[in-house]
Each structure stands twice: as structure tokens, then as C-alpha cells.
1. Using 0.36 nm times the number of residues separating ARG568 and PHE64, minus their current alpha carbon distance, what extension gain do you get?
2. Can you give the FRET efficiency for ASN78 and PHE530, using 1/(1 + (r/R0)^6), R0 = 25 Å, r = Cβ-Cβ distance, to the nearest 0.05?
3. In whole Å, what are the Cα extents of segment 69-109 along the three principal axes, biggest one first?
4. Based on the alpha carbons, how large is the Rg to Rh ratio for segment 30-108 when Rh follows Kirkwood?
5. Rounded, prolate or oblate: which one fits segment 402-551, using the alpha carbon gyration tensor with axes a ≥ b ≥ c (rounded when a/c is under 1.5, else prolate when a/b beats b/c, else oblate)?
6. Hey, which lysines would be in cross-link range of LYS326, C-alpha to C-alpha under 25 Å, not counting anything within fewer than 8 residues on its own chain?
7. Starting from the Cα of LYS160, draw a straight line to each of the lysines and keep only those under 28 Å, dropping any in the same chain fewer than 8 residues away.
8. Kindly write out, for segment 352-368 in residue order, the coupling ³J(HN,Hα) from the Karplus curve 6.51 cos²θ - 1.76 cosθ + 1.60 (θ = phi - 60°), rounded to whole Hz, with x marking Gly and Pro.
Amino acid sequence: MNLKKYFVRALHRLQKGPGYTYKELLVWYCDNTNTHGPKRIIKEGPKKKFIWFFLTLLFASLVFWQWGILINTYLSYNVTSSLSIGFKTMKFPAVTVCNANPFKYSEVKHLLKELDRLIEAALERILQPVPGNSSENASTPLDLELWHQIPLVLIDEHDKDNPIILDIFESNQTTADNQTAMENQTAKKYKLAVKLCSHQGSDNCTYRNFTSAAQAVTEWYILQSTSILSKVPLQERIRMGYQAEDMILACLYGAEPCNYKNFTQIYHPDHGNCYIFNWGMDKEALNSSNPGAEFGLKLILDISQQDYIPYLSSAAGARLMLHQQKSFPFLKDQGIYAMAGTETSIGVLVDELERMGYPYSDCTMNGSDVPVKNLYSQYNTSYSIQACLRSCFQNHMIEICGCGHYMFPLPEGVNYCNNEDNPGWAYCYSSLRSSIRHRQICIDSCKETCNDTQYKMTISMADWPSEASEDWIFHILSYERDMSTNVTLDRNGIIKLNIYFQEYNYRTISESAATTIVWLLSSLGGQFGFWMGGSVLCLIEFGEIIIDSLWITVINVISWCKGLKQKRAQARYPDAPPTVSELVEAHTNLGFQHEEPGALPRDEPLPPEPGTPPPNYDSLRVQPLDVLGPDSDAE
């Protein structure tokens, strides 16, 4: 019951309201608030009242302006970067080594035979433009079907308004055009370009121009060889690459010997078979016991330069990369070359990056919140932005071109592009690669990792082995690899690597919030106190008057609605409503009051006196008040 009475009183209090008008409420606030200014408005004379009103309004506006700036600064979620230096025993990085040449030429020569004949004949025509000087007429006829799929053309821009496009092996060119193009070619007034069409024989073509014929030949050969090798099964491609026991001649980690069995093999489309030391997939990552060259990794590699594919790999050496454990090595972007015939020493420093997540930055912890399907997850590697960008490109390639590019992993149920099954794949790939819109879509979809480790390298090189020691070193290495007393190695194929920590000092670059909620509250309070002399209690007072104003407004609206309802009722019934006594009287006259004992029912007519004519019942029913009126009055 007490609870019910409490709610009834609260309801009555709500219906009653604060008990003030707007003017009374405003005067009460100005007279009782602790904020400077409002009191002077109601207590000073007319002139000072106007001045204080203006000053109060001005400074209140400045407070709200400053508050807007502070809140906007806080909501921008800026960060500050701090650098700290620590010292600890660190995990040795994962080291990936590859050959710059992906396959042994002796193993893939049968696949690239026709392609090599085509490029040799094309080079003869480019370098010997005079008809009859080339030697391909005397050899076996060329299979031009492969050439017509992705041809090389000469573009003569001597007349820029009417450039001449000449296919090197095109036989239906006029003699005049042929002779003009050859003369301009000799005079260096031409460009060699790769012609890419949506399908063979189509006019929807694009030309990839190059300033050097060497660049054009390399690009053309890569496109053609990609189409050929994409049809070769993965295990066969692995077999045609450089095997670990042939490539890794010697290994030493610290004071412990190691060999090719301590490396994990992966297939990389750019470099063939690659081998990773200390990847951490099957075993725990190794720690470095001490900084310095004596406690790092020492390798001797044989790259077998004499077995390189002549038109595919123009650079000779080993490609290597340092990266975190369980991460995929993207050597094309982040790797470095080690030159043959040298000893390359790599001193390593570690930088640890710690980024703040949402809302301070758009980074991800493990890639689970990235909308792009990571195709590199089949290697059981961690997320990286490089994996995301390549997966995004491959997904677009599959969606637009109908097949996947050979250089990137494939999802299930999709095949790699080739000239036979996808004649226009090179045109589609070139258009997609040069599309800024698709590139921006991938950039917007992928995110940086919140925590990352970067390895800064200091590289130095020296000739190895020296002329005085190369004889015995090559004898020993040749015997250990081939069990032969003959020297089978030379300076053009041997590389020595030393990888070590320069020092155990590591740098941590971490982000912290530039503005916090404590900063925001103190800044808001400081501005309010400086301009208005107020505090948190003043804000509560201001909130109180706002609530009371809203309260009065609601009550006034309710009263206005009731008055409007009454006016509508009066408009429908213009006469004044009957009083209670009038309603009782009308009820009595209608014969509904309580009957006295022994009285006749009021709804029955009185019996007629003897000798009188029968009464008019209809008139009695029509005018009951004339008959029953005196009795009512008597009562």
C-alpha cells in the first residue's frame, strides 16, 4: 500500500509540475546559479543589465565553440608514436633462400623449345632488318600459332599521326611498308611492343610499349612461358626446379652444423623451389644465443648459373628474405639479391611495430575482419597485407577473366589461365593490372596488421673465394657434392651468406591515444571555468532548468490539448450542458423514480369514473407529463 501511495503522489506531482512559469523559472535560475554573469543580469540597472547580458551571451558562445573543437579533436582519434629501446634474447628470423632462376633449363627445355625458336627468329629479324640476312628460312619452319596468340610488333612513330604497326612475322605486309619499317628500325625510330587482344583476330587490342627491345622480349617471354607452365602439374614443376641437396652445399648455425634437411621446401611461382630455415611450422623457433657473425647462420649455395633459362632470367644470383615465423615470404617485393662469387654479410636489427586498433586505426589482428578471402591460408601462414592484396587481385582475375593467374594461389575449382583455354587472358590480365579502380578496391579492402616485426638489414659484400684459395675450396665443395675429384663448381655459381644479429637491442615503435576521456573532461572543464567561472555543479543546475522547462512545456501542451477538445465539444453542442439537478428532474419526469407502497404503477392509466366516456389512450401515451406531473410535484 505504501508503494501505491508513493506512485499516486508522484503522479500527482508530475501532473502539477514545477509550479513556475517560464519567466519565474528563469529569474530563479539567474538568482541561484553559481555561474558568473546571470546574477548580474537581474540585479544591475538597465544599462549594466544589457552589458552583462551581452558579455554572458558572448562568453557562453565562446565556451560552446571551444567545446565543439575539443570534442571534434577527441573524436578524430589521433595517435602519437613513441620509440622505446629494449634488450632481450630474440628469436632468429625465418630465412628464405631461392634461386633467381625458377627452373633448370635442362629440365624445361622440351616445354619451351618452340618458344625459344620463335624468340630467336624474332631477334634475328630485329637485329638483321635487311631481308634475306636472317637464317630462319634455312631451318625447320616455325609454328606461328603460338606467336599469333601474343605477337611482338614494331610501331614506327616517325609519322605520329599515322604510325605503322608491323608484325615481325606477318607475311601479308606490303613490300613498301616492310622496307619503311625496317629502315626506321635501323634509324631507331621505332618501338617494340607486345600486342594483346581480347581474342585472336579481334580488333579490340592494346599495345604494351617498351623503350628497350630487351624489356619487350623479356615481358613477351614471361607471358608465353606462363601460359605453357600453368598446364604443368605442381609436382612436376617442383621436380624441374633446384633441389635442396644440390643447392645448399654447407650450413652452420652458431656452433651447430645443419644441412638441407633443416629447411622447409615451398614452391614459389616466381623463383621455383624455395627453402626456409627456422620457419617454425614443425618445430619451435630458434633463439640466437649472442649477437655477432659467429652466432648467426652461415650458408654456401650453388645456383648453377650455367643451367639458367636464357630468356626468362636475366639476373643471376640467390634471392633471399628475412621474415617472421609462420609468415609467407613475398620475395618479389621484400627480398634482396645475393651476387654469385661473393660473400654477403647481413647484419640484422629488429623493429617491432605496435599499432592501435579501431577506432584509432584500421588495422587487423589476424585478418578475420578482412572481407577478402586469403588464398595463402593453404600454406597455414599468418595474415599479411601482401597476401591480402594478391588474393584480392586473384579473386578479381577469376571473376573478370574466368581463370587465375599462374603467379598466385588458386581457390578450389578454378584453373590457371593459358592461351588454349583462355585466348584473351593476357589482354584481360594487362587491363586488370593497369586498372586504378580495381587496385583501389583492393587497397580499401585490405588492412595492415596491428603488430608487425620488421628486420632492418645492413649488407656488405666481398669477393669469395679469393684467387689464392679458390682452387682448394672448389675442389672440396665439388667432392662433397658430386663425390668427384674434378672441379665441377666455379665462381659464377657459388654464393656464401652470413646472417646474424648486429646487437640485441631492439626498437619498439608503439602508438598511444593522443586524446583520452580524461583529457577531454579536463579540457571541457578548463574552458568552462575560464570563460564562465563554472564547474560541474553549474552544469547540473543548467540541466535542472532545462528539465523544468521541458516539464512546464509538456504540461502546457497537455492543457492546450484539453482546451482544444472542450472547444470542439462546445462547437458540436452549442447549448450549455445540463446541471445535475436538471438531469434528476428529467429522470423523475420520465417516471423512473422509486414508487410509493400501494400506489398504482405510473405507466398504467387511471381507471375512468362511472358514466364517463372511455379515455383517449393515444393522447395519454403522447403526453404522459400532463397526467403524471402533479404527482411529481407533490413528491
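1. 176.9 nm
2. The calculated FRET efficiency here is 0.60.
3. That works out to 70, 32, 10 Å along the principal axes.
4. Result: Rg/Rh = 1.70.
5. Because a/c hits 1.5 or more and a/b fails to exceed b/c, segment 402-551 counts as oblate.
6. LYS88, LYS91, LYS261, LYS283, LYS298, LYS373, LYS447, LYS456
7. In chain and number order, the partners are LYS188, LYS189, LYS191, LYS195.
8. In residue order, the calculated couplings are 9, 9, 10, 9, 7, x, 4, x, 6, 8, 9, 10, 10, 7, 9, x, 5 Hz.
The values are calculated or read from the model by the stated rules, or taken from the named source; none is laboratory data. Keep in mind it's a predicted model, so treat the numbers as computed, not measured. Virtual Cβ from ideal backbone geometry, glycine too; neighbours counted across all protein chains shown. Note: accessible area is taken over every heavy atom of the protein model, side chains too, but ligands, DNA and RNA are not part of it. Shrake-Rupley method; radii C 1.70, N 1.55, O 1.52, S 1.80 Å.
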